[in-house]
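The values are calculated or read from the model by the stated rules, or taken from the named source; none is laboratory data. Please read all numbers here as calculations on a predicted model, not as lab measurements. We place every Cβ from the backbone using ideal geometry, glycine too, and count neighbours over all the protein chains shown.
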Amino acid sequence: MTTDERVMENTGLDWHSLYAQRTHRMANSAIRELLKVTEQPDFISFAGGMPAPEVFPVDEVRAVGDRILRDAGPTALQYGRTEGYGPLRQLIAQQMTNEGIPCTSDNILITTGSQQAIDLLGKIFIDLDDRVVMESPTYLATIQAWNSYGASYVGVDSDDDGIVTEHLEGTLQSGDKLLYCLPNFQNPGGVTLSAERRRDVVELAMTRGVPIVEDDPYRELRFEGEHLRRLIDIDSENRSEGGAVYRGSVMYLSTFSKTLAPGLRIGWVVAAPEVISELTMAKQGVDLHTAMFNQMIAYELSASGFLDRHSRDIIRAYKERRDTMLVAMEEYFPSNVRWTRPQGGMFLWVTLPDGMNAAAVLQDAIPHRVAFVPGAPFHPTGGGENTFRLNFSNASPDKIRLGIERLGEVLQQRAGESPRR
Ligand SMILES: Cc1ncc(COP(=O)(O)O)c(C=O)c1O
């Protein structure tokens, strides 16, 4: 008897035939499935996308949480506005304005993590078979979210300088619904879009009339080099109308998940007020608003300057972990394997020799108690079977070294080559 037949026998319902069409393109995340196997304590997992638990500011959140409950308990526990907690929206608008992008609260929507912003954008923009252009590889959970709206993906190559603009030029068409870009320390590739290409991307999108979704959760986690101008910075400068409100065609996403804590689930969108209104309507039907208490915590810790100081501690910890991983890879990985050298963020990207399959390597690696995520699912239109993603933020430096040594042994057996040193 099949599972479906068993379900029917027990419930009398054929659930599958009742699910909406949009569920047919939903699939379980390879990462989530994998994380289940790697939860055992002796496992060294480079698979997830989790921050280091050691850097969570538990004491500060507790102190601020106490104060909020003491001074404004009923507000913290009450329903709030869909657009978000007023002072937090004002703070983000002021920060954007200080950075040269004229914004008011009307430009800001607080979301339940930036993942919700991604889903809401899909909801308001994507009709069945709409073309959505994205770099390949790209963030897996966006592919998943927009699958259910019936997006038709068009992948654009990326290299060590991010999305290849010559390829984008030949690909992006007027009428495409969205151009989805991750300019800083991309998840999964770890690469950063160069300053020159940023200008080209904005210009191309503008001339072809395609709005850009700039997904930028890792910007504050830069270990070296200077901040590059964001796509929204360039777009804002290119516009001549001026005024105190941003009305450009970039929809910028950010989050407190990487600088404060992902469990609070606070992200935000910066966009033209028209788009913010539409997103707000969509959000009303999803969760009414993002948790007020959590927004108030994020506001207090951000407004007091604590998060700026705290980000420096996170950067120090992650830089050490990235360096440890890169040094260990030089030592243990075979000479015919290549990888990216991210200037920030939480991930790096490995390319195996042509014909070698990362999913098969993972099967070999699991008995050695080490895991990563195979790269194929990150490719919106297929390919990438010889690639995989490594997370360097979550494991301690000691574990990173041991895990890379284990992985190196597995790779040497498969690749038939010795390490470069
Ligand atoms: C590129 C990218 N976008 C969005 C998100 C979602 O972040 P949040 O925790 O704010 O929902 C992540 C999380 O890992 C990410 O890597």
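Couple of notes before you dig in:
- Set 373, 410, 361: member being buried (at least 16 other Cβ atoms within 10 Å of the Cβ) and in contact with a His (Cβ under 9 Å, 6 or more places away or on another chain): 410
- The residue that is surrounded by the most Cβ atoms within 10 Å (Cβ to Cβ), counting only those in region 320-351 that are of a type outside the set (D, E, K, R) and over 26 Å from residue 258 (Cβ atoms), is 333.
- Check on residue 165, farther than 24 Å from residue 382 by Cβ, of a type in the set (S, T, N, Q) and free of Cβ contacts under 8 Å to residues at least 60 places away in the same chain: no
- Within region 58-67, considering residues that are of a type in the set (A, V, I, L, M, F, W, C) and surrounded by fewer than 19 Cβ atoms within 10 Å (Cβ to Cβ), the one farthest from the ligand (Cβ to nearest atom): 63
- A Cβ distance below 9 Å, combined with a sequence gap of six or more or placement on separate chains, defines the contacts here; from region 267-291, residues that are over 23 Å from residue 78 (Cβ atoms) and in contact (Cβ under 8 Å) with a residue 12 or more places away in the chain reach residues that are of a type in the set (S, T, N, Q) and surrounded by fewer than 20 Cβ atoms within 10 Å (Cβ to Cβ) in the pairs 273/104.
- Every condition in (1) under 16 Å from residue 117 (Cβ atoms); (2) not in a helix (DSSP H, G or I) holds for residue 226 except the one numbered (1).
- Number of the condition not met by residue 240 [criteria: (1) at pLDDT 95 or above; (2) of a type in the set (Ser, Thr, Tyr); (3) within 26 Å of residue 105 (Cα to Cα)]: (1)
- Qualifying positions in region 118-144 - assigned to a helix (DSSP H, G or I), within 11 Å of the ligand (Cβ to nearest atom) and of a type outside the set (Val, Ile, Thr): 119, 140, 141
- Which listed residue is closer than 30 Å to residue 228 by Cβ, of a type in the set (Val, Ile, Thr) and assigned to a helix (DSSP H, G or I), from 290, 381, 324: 324
- Answer residue from region 70-117, given it is among the β-branched types (Val, Ile, Thr) and away from the ligand (no atom under 16 Å from the Cβ) and is surrounded by the most Cβ atoms within 10 Å (Cβ to Cβ) among those: 101
- For residue 166: the one exception among (1) in contact with a strand residue (DSSP E or B) (Cβ under 7 Å, 6 or more places away or on another chain); (2) more than 16 Å from the ligand (Cβ to nearest atom); (3) more than 16 Å from residue 214 (Cβ to Cβ): (1)
- Taking the numbered list (1) within 22 Å of residue 390 (Cα to Cα); (2) at pLDDT 70 or above; (3) surrounded by 13 or more Cβ atoms within 10 Å (Cβ to Cβ); (4) not small (Gly, Ala, Ser) in turn, residue 35 passes all entries but (2).
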